[in-house]
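Structure record follows, encoded as structure tokens.
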Amino acid sequence: MKFFSRLPSIQTNMVLSSVSLILMTIIIMSVTSYYLTKDSVKSTAETYTTELVKQVNNNIKSYINGMKSMSDLVAGNYAVQDFLSSNTFNSLQEERDYKEKISDMLGAMLVSRTDISSANIFGYQGQFVSGRKELELNPFVDITSMNWYMNAQNNDGNSVISPSHVQPIFKDRYPWVVSLSRELVSKDGNKKLGIFLVDLNFSVMNDMFKDIRLGQRGYLFIIDSDGKIVYHPQQQLIYSNLKSEVIDKVLEVRNGTFISGQGSNSRMYTVQDSEFGWKIVGVSYVNELVDNQNEVLLSIVFLGTICIIIAIIISLFLSQRVTQPIKRLQGYMKEVENGNFDIHVPVSKTIEIQRFARAFNMMVGKIKELMTQTVSDQEQKRKSEISALQAQINPHFLYNTLDSIVWMAESNKSREVVLMTSALAKLFRSSISKNDELVAIRTEIEHITNYLMIQKMRYKNKLDYHIEISELVLEYRIIKIIMQPLIENAIYHGIKMKQGPGFIRIASEETQTDIIVIIEDNGNGMDEEKLKSLLLSTAVMESGRGIGVRNVHERLKLYYGERYGLTYHSVLGVGTTVYIRIPKSR
């Protein structure tokens with residue numbers, strides 16, 4: 001127990017405990033079973049071997065069916081059909097294109113299945129395509145004389161599995177493979193096109209059966225319907241006549257068991273027939289089978305009970321070691337749940353709990369950081385709002401407007417005084433409103449209409465404007481007081497310095513997700529250098545030009561995200577257009 005308590009890893013504790021239990025159980029059961037009689041449990045061994053062979057048969061069946069599905073995919077591929085069916089091609093390039101498509105398809109099979117040695121198509125008109133483009137056919141081998149080729153021709157388009165053999169058809173390559181081949185026919189079934197061949201690495205069989213054990217010396221092997229060896233773990237010994245199997249007897253048995261030989265070489269053969277002509281045979285040595293099934297079962301139950309009790313004790317001990325640090329960590333989590341983010345979980349000596357503690361500490365720190373960032377973002381947003389408000393209550397604009405009102409009053413233009421005073425009142429009422437930050441575009445248009453009305457009355461024929469916003473767009477929402485700084489910038493830095501009358505056009509466009517408001521003027525415009533620096537926070541523009549523009553741009557990006565904001569287009573001496581992009585929001 002002290003040894004386990006010093007282990008730093010929970011996983012190590014559990015693995016060592018499990019291994020100890022398994023080893024102890026195996027040793028006790030093996031020693032006990034060795035001295036028990038063999039006859040009573042022979043049927044159990046036969047059943048076990050039969051089920052194991054059936055399972056192997058199912059595994060091989062699934063594997064072969066997968067390969068057959070692959071051949072079906074190739075047989076039905078339109079490029080394969082067209083390539084093999086065509087007597088001539090319009091050009092050499094067309095033929096190359098077909099071969100490239102088919103080679104790429106076969107190559108994809110090779111990439112996805114490392115157990116495939118090669119995948120190839122042989123057309124009856126001399127065509128050849130391989131998934132491995134580097135392969136060259138062996139000029140000294142007649143492919144049409146190969147067993148896999150002839151068997152495929154004689155099997156009515158069904159897939160044929162060959163015994164393991166050396167494949168000599170490629171130049172300088174002689175791999176040990178199992179071949180799957182089938183004849184390819186046209187989709188209408190009237191024309192035979194060629195042969196599809198897939199060579200499977202023989203190592204697939206070894207990998208599939210290497211971990212299967214039937215006693216200490218037992219093994220599995222496979223033969224085809226003619227008695228030829230498809231797989232045998234000692235295949236070289238078989239071919240060298242240093243080892244032999246009772247193949248004739250195996251061929252006589254469809255599904256069943258028989259015993260061959262005497263004494264220590266007495267072997268039990270368990271045969272299972274497959275659907276594709278193979279026989280899977282399990283071989284067990286009789287002297288390795290145990291007897292006295294009842295005594296063995298009682299011994300196993302007794303010993304299993306002892307092992308379970310021991311396992312429970314060890315599990316209780318280990319679970320206590322696991323749950324204590326987790327409960328402590330749970331307590332710290334409860335603190336965070338109650339709002340206390342100024343805690344730090346001490347690091348435990350156990351590796352897994354160390355990782356939990358570090359991850360938890362990092363998470364709490366990140367939450368604090370995000371909370372601080374959120375506060376900072378909100379503060380920045382409020383500063384932007386204040387800046388926007390200050391930008392609207394422009395003293396120069398107010399003084400000039402009041403001067404215009406006084407001048408019109410002295411000139412007895414009472415109607416103009418009423419209109420300008422009313423527009424000014426509405427303008428400032430909108431500017432200092434403490435309602436929601438988002439307003440309908442309709443409200444924003446009313447705000448800039450009042451502003452433009454005042455400016456038009458001040459500049460008379462020097463300024464004109466036109467608003468072309470559709471009724472549907474007017475119902476969407478926008479951050480308030482966004483357009484006025486842009487229009488003000490257009491008047492004071494574009495139209496005011498222009499010779500002749502100025503014109504401002506306000507329009508809108510829609511995309512599937514966004515609204516684009518367009519403010520266009522025919523003022524003096526800007527050169528390329530000023531245009532590039534207009535939205536930069538570090539830029540310094542003459543006469544404060546660009547401050548309101550950057551403020552609007554930053555508010556849009558802060559509220560909606562990086563993909564939204566202002567985009568400028570200007571031609572010096574022609575005019576400027578600004579695009580306001582916002583998401584659709586009702």
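The values are calculated or read from the model by the stated rules, or taken from the named source; none is laboratory data. Treat the numbers as computed from the prediction; the structure is a model and nothing was measured. With ideal geometry, Cβ positions are generated from the backbone for all residues, glycine too; neighbour counts draw on all protein chains shown. Areas reflect the complete protein model, heavy atoms only, side chains present, ligands, DNA and RNA absent. Shrake-Rupley method; radii C 1.70, N 1.55, O 1.52, S 1.80 Å.
A compact globular protein would have a Cα radius of gyration near 2.2 N^0.38 Å; the ratio found for segment 103-260 is 1.18. Cross-link check: pairs 61/187; 61/279; 54/210 evaluated at a Cα-Cα cut-off of 22 Å; pairs beyond the cut-off: 61/187.
Within segment 418-528, antiparallel bridges make up roughly 60 percent of the DSSP beta bridges whose residues both belong there.
Taking only the C-alpha atoms of segment 170-256, the Rg (one decimal) and the largest Cα-Cα distance, Dmax (whole number), read 17.4, 55 Å.
Per the Kirkwood treatment, what hydrodynamic radius in Å, one decimal, follows for segment 91-146 from the mean inverse distance over all distinct Cα pairs? Intermediate values should be presented prior to the final figure.
Working: mean 1/r = 0.0809 Å⁻¹.
With all distinct Cα pairs of segment 91-146 included, I get 12.4 Å.
The P(r) of segment 234-284 has a tail past 13 Å containing 61 percent of all C-alpha pairs. Measuring nothing but protein heavy atoms, the accessible surface of segment 444-544 at 1.4 Å probe radius is 51 percent carbon and sulfur. The mean sequence distance of close C-alpha pairs (under 8 Å, at least 6 residues apart), as a share of the length of segment 439-515, puts its relative contact order at 43 percent. With N the number of residues in segment 100-179, Rg(Cα) / (2.2 N^0.38 Å) evaluates to 1.09. When restricted to Cα atoms, segment 188-227 yields an Rg and a Dmax of 17.6, 55 Å, respectively.
Ranked by the mean number of other Cβ atoms within 10 Å of their residues, highest first, the peptides 476-485, 202-211, 437-446, 132-141 come out as 476-485, 437-446, 202-211, 132-141. Our compactness index for segment 416-520, the C-alpha radius of gyration over the empirical 2.2 N^0.38 Å, is 1.10.
Hull surface divided by four, with the convex hull built on the Cα atoms of segment 449-507: how many nm²? Taking a quarter of the hull surface, the average projection is 4.2 nm².
Each residue was assigned an accessible area with a 1.4 Å probe, and for residue 213 the value is about 140 Å².
I need the semi-axes of the equivalent ellipsoid of segment 205-272: take the C-alpha gyration tensor, multiply each eigenvalue by 5, square-root it, list largest first in whole angstrom.
Details: eigenvalues 58, 49, 39 Å².
After scaling each eigenvalue by five and taking roots: 17, 16, 14 Å.
Over segment 49-100, accessible surface divided per residue gives 53 Å², non-protein components excluded, 1.4 Å probe.
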